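Take a look at the structure set out below.
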Amino acid sequence: MPRRVEDATVLLLDGHTTGGLQDPEWDEDATLKLDSLDKLDAVRDHQAATRRALVDHYVSLGVDVVVTRLGINQAYQRLLADADILAVRGVSPLEMKQCARATGAALVRHPGDVSAADLGFAGSVSEVRIDPRRGRRKNRYMIVIDDCPEATGVSAVVHGVSGQPATQAATEVRKAAAALAAARGEGASRSGVVPGGGAIELTMAAAVRESARAVDGRAQLAVEAFADALERVVGTLVYNGGYDRLSMLADLRAARAGGETALGFVYPAGEITDATAAGVLDPTAYKHRLLVSATEVADLILRVDDAIDATFTKEPLGPGDSIYDDRAEKHLDHLEENPGTRWDT
């Protein structure tokens, strides 16, 4: 088969049980009754004609590359090679979807149900040799599909690492791509970005402290605690870099006193600077989701603590003394029906 095809027309066969080029499998209980060996040759000739007709159909459509989810048997391989078609077999379902996003081809479920509308295009499809793994002599090869028009999927090749560092590097690349997609509003996400480096947390903390002045009673303490929690996020960022948390937070407050809301603590220099100008940004969707989740968890913990602290006695309950009013009333009824019984929960 050719190792490189320019201006390639691509066909993707992705059926779960038919996404390959193989002869139909006989059922385990199937039997073939023949009264002469000539009829056995006729069966084989019929299978060969079926394979030939299928490959000729691909040739008539102008197919240059065939990518299959399942296998390609030797007979089909020979026919494809004779037709100068590059074939790739055993491609994972995820990679098949990526090929479809890159080339614009449809995922065909059956090899015989192929039309011109199902085909995609790539500027080049080539087999590339890459360096062998450490300690191994055998070379490795991969198929590179490149120069795709209006591609909605791309691949990144990370060189120079292996093992666990390579896995971590791939994870970071995926996280970066996901963050970019979230910032663009893909997948029903809230589009947009906010300054990173703790700048947005400090801005929210200042706004929360300002609003605490208008709150009376114990609720004001809860509002102040919420602002402290927001600043603790920034303090943790500073501490993880090996810097003094209290000193840096004080410097940040002083630097932001003039209203510079984009100022934050930026790595790798470990300095207070404009996070937006430094390119340190957080997707709005991620930041909003994290804050809402953290607030809901804190609220749930407070509710659980209140429920545990609640004590039921024979004394009548005043307004606001019970969290579960219905349960408290049932408990009082029980105490009246069973004098001498007392439960504390």
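Observations
- Residue satisfying all of: in segment 69-78; outside any helix (DSSP H, G or I) and not basic (Lys, Arg); nearest to Arg109 (Cα to Cα) among these: Leu70
- Within the option set Asp35, Asp7, Asp23, Asp56, being part of a strand (DSSP E or B), open to solvent by 40 Å² or more (accessible area, probe 1.4 Å) and not aliphatic (A, V, I, L, M) holds for one residue only, Asp7.
- Checked against (1) farther than 19 Å from Leu13 by Cα; (2) open to solvent by 50 Å² or more (accessible area, probe 1.4 Å), Arg109 passes all but a single condition, namely (1).
- Sub-6 Å Cβ pairs linking a first residue in segment 282-308 that is among the hydrophobic types (A, V, I, L, M, F, W, C) to a second residue that is modelled with pLDDT under 90, at least 6 apart or interchain, are Ala285/Ala182; Ala285/Ser189; Ala285/Arg190; Ala307/Ile323, ordered by first then second residue.
- Among the criteria (1) more than 25 Å from Leu11 (Cα to Cα); (2) in contact with a strand residue (DSSP E or B) (Cβ under 9 Å, 6 or more places away or on another chain); (3) at pLDDT below 85, the one Arg136 does not fulfil is (2).
- When segment 79-106 is limited to residues that are exposed (fewer than 13 other Cβ atoms within 10 Å of the Cβ) and in a helix (DSSP H, G or I), the one that is farthest from the chain's Cα centre (by Cα) turns out to be Asp82.
- Residue within segment 160-182 that is touching a helix residue (DSSP H, G or I) at 6+ places or on another chain (Cβ under 8 Å) and of a type outside the set (A, V, I, L, M) present: no
- Among the residues of segment 144-179, the one identified as touching a residue at least 60 places away in the same chain (Cβ under 8 Å) and of a type outside the set (Gly, Ala, Ser) is Ile145.
- Considering segment 240-288, the residues that are within 13 Å of Gly198 (Cβ to Cβ), aliphatic (A, V, I, L, M) and not in a loop (DSSP other than H, G, I, E, B) include one that is most open to solvent (accessible area, probe 1.4 Å), namely Leu281.
- Candidates Leu317, Leu291, filtered to the one that is under 27 Å from Ala199 (Cα atoms) and either in a helix (DSSP H, G or I) or modelled with pLDDT under 90 (or both): Leu291
- For the residues Val144, Val66, Val114, Val128, the requirement of being in a strand (DSSP E or B) and surrounded by 20 or more Cβ atoms within 10 Å (Cβ to Cβ) singles out Val66.
- Single residue of segment 208-238 satisfying the filter (open to solvent by 60 Å² or more (accessible area, probe 1.4 Å), assigned to a helix (DSSP H, G or I) and among the hydrophobic types (A, V, I, L, M, F, W, C)) that is nearest to Ala277 (Cα to Cα): Val233
- Cβ-Cβ under 8 Å pairs, at least 6 apart or on other chains, segment 20-43 side of a type in the set (Gly, Ala, Ser), far side at pLDDT 75 or above and assigned to a loop (DSSP other than H, G, I, E, B): Gly20/Arg69; Gly20/Leu70; Gly20/Gly71; Gly20/Arg89; Gly20/Pro111
- Residues in segment 151-207 that are loosely packed, with under 12 Cβ neighbours inside 10 Å, in a helix (DSSP H, G or I) and either on the phi > 0 side of the Ramachandran plot or touching a Ser or Thr at 6+ places or on another chain (Cβ under 7 Å) (or both): 3 in all.
The values are calculated or read from the model by the stated rules, or taken from the named source; none is laboratory data. Here the structure is a predicted model, which is why all the values come from computation and not from measurement. Note: ideal-geometry Cβ built from the backbone for every residue, glycine included; neighbour counts use all protein chains shown. Just the protein is used for accessible areas: all its heavy atoms, side chains included, with ligands, DNA and RNA removed. Shrake-Rupley method; radii C 1.70, N 1.55, O 1.52, S 1.80 Å.
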